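Student: Structure in structure tokens, see below.
The values are calculated or read from the model by the stated rules, or taken from the named source; none is laboratory data. From a predicted model like this one, the values you see are computed outputs, not experimental measurements. Counting neighbours? That spans all protein chains shown, and the Cβs are built from the backbone with ideal geometry, glycine included.
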């Protein structure tokens, strides 16, 4: 893992030598980066869904694919999470 906090470069080997302020800055930067990646991922998944595209090797399944392949299964996507509503066979 790599983060830049001000002028300090952090990695697994140098994190122990960082000050509290530098570590807090690094955590803030990492958190902001994750949010930006989540937004980008949601946009990419929405575009893939609009195109009806899927990738079985990577496990990318879209709502359009689910509706086509499993029309009887209720499916919901929340950012990068998926909920599939199932009924027990019992």
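Student: Taking the condition of being assigned to a strand (DSSP E or B), surrounded by 10 or more Cβ atoms within 10 Å (Cβ to Cβ) and at pLDDT 70 or above, how many residues in the range 61-82 meet it?
Tutor: Number of matching residues: 4.
Residue-by-condition table, conditions (1) modelled with pLDDT of 75 or more; (2) in a loop (DSSP other than H, G, I, E, B); (3) within 18 Å of the chain's Cα centre (by Cα):
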{"position": "12", "(1), (2), (3)": "yes, yes, no"}
{"position": "16", "(1), (2), (3)": "yes, no, no"}
{"position": "22", "(1), (2), (3)": "yes, no, no"}
{"position": "26", "(1), (2), (3)": "yes, no, no"}
{"position": "29", "(1), (2), (3)": "yes, no, yes"}
{"position": "35", "(1), (2), (3)": "yes, no, yes"}
{"position": "45", "(1), (2), (3)": "yes, no, yes"}
{"position": "58", "(1), (2), (3)": "no, yes, yes"}
